[in-house]
1. With n ≥ 4 as the cut-off for DSSP H runs, can you work out [θ] at 222 nm for the chain, using -39500 (n - 2.57) per run divided by the number of residues, rounded to the nearest 500?
2. What is the Å³ per residue value for the convex hull set by the Cα atoms of the range 13-114?
3. List the residues of the range 106-148 whose backbone N lies under 13 Å from a point placed 7 Å from the Cα of Asn176 along the Cα-to-Cβ direction.
4. Quick check: convex hull of the Cα atoms in the range 130-215, volume per residue, rounded to a whole Å³?
5. At 0.890 mPa s and 25 °C, plugging the Kirkwood radius over alpha-carbon pairs of the range 110-161 into Stokes-Einstein gives what diffusion coefficient in µm²/s?
6. Would you mind computing the Rg to Rh ratio of the chain from its alpha-carbon coordinates, Kirkwood style for Rh?
7. With a 10 Å radius around each residue's Cβ, average the other Cβ atoms per peptide and rank 74-81, 116-123, highest first.
8. Give, in nm to one decimal, the length gained when the segment between Glu11 and Lys106 is fully stretched (0.36 nm per residue of separation minus the Cα-Cα distance).
Amino acid sequence: MKTENRSTLHEELKAQTIELHKKAHTIPYISNLLNNDIQLNSYIGHVHAFSIIYEELEKQILNPKNEVTSGFLENYSSRVPLLQADLEYLKAMDAGVNKPEINHAKNVANKILLYSKTSPYKLLGFIYTLDGSLNGGSILRQHLIKTFQFENNRGTMYLSILDDRFKKYWTAFIHNLNSKITENQHKHDVTSASREIFLDLIKIYEALLPIDEKQ
């Protein structure tokens, strides 16, 4: 009897983001970052936007009343203090409040709040895309160090999180995605939300042009 080969949820998530990864690398901010050629205000906008998103995300996923996400976050450590420390170092706690990337980030935060009440499995898709991007954080960090001469992780603490604890968390998170999510609707929520926030991040990256180029 021939058995049916089925992809794991993680394999489905990876497959759907291949095209999005390719698109992301064509965005001027990302391609310039990888060529050590971005302005500091663009990077500040990047960090500021992510701090807004993670602040709302962690408020919801770390809520003890959120029974959906609690079983997926073993060894999770908060990203918010790292992002805030980066912003403080960059002297940018109040920078870019009215910039397009900040408005995009606030829209994502609003979605997180909504989904926490209506479709909590979608938050797992948000986590997958956001934390998954940290697996390449060490590469971005090296380019930022070359561009801005950062030292001792200052200005890049968020991107420096790829340690043994993070690796254990990520391995367990992927295992839990594959083993704990069995209902098709929940799988759909995860995959659709992962794509949705990837497209939202692309909007943020597209907005991260130097100020004189936005005008």
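1. Working: 10 runs with 142 residues, N = 215.
Computed mean residue ellipticity for the chain: -21500 deg cm²/dmol.
2. Numbers: hull volume 14.5 nm³, N = 102.
Cα convex hull per residue, to the nearest whole number: 142 Å³.
3. 121, 123-125, 127-128
4. Values: hull volume 8.4 nm³, N = 86.
Per residue, the Cα convex hull of the range 130-215 comes to 98 Å³.
5. Values: Rh = 12.7 Å.
Using the Kirkwood radius from Cα pairs, D works out to 194 µm²/s.
6. Working: Rg = 17.5 Å, Rh = 18.0 Å.
Expressed as Rg/Rh, it is 0.97.
7. Details: 74-81: 15.4, 116-123: 17.6.
Descending packing order for the listed peptides: 116-123, 74-81.
8. Values: separation 95, 0.36 × 95 = 34.20 nm, distance 2.98 nm.
Extending this stretch completely gives an extra 31.2 nm.
Each value in this text was obtained by applying a stated rule to the coordinates, not by laboratory testing. Note that this is a predicted model, so its numbers are computed, not measured. Reconstructed Cβ throughout: ideal geometry from the backbone, glycine too, with neighbour counts over all protein chains shown.
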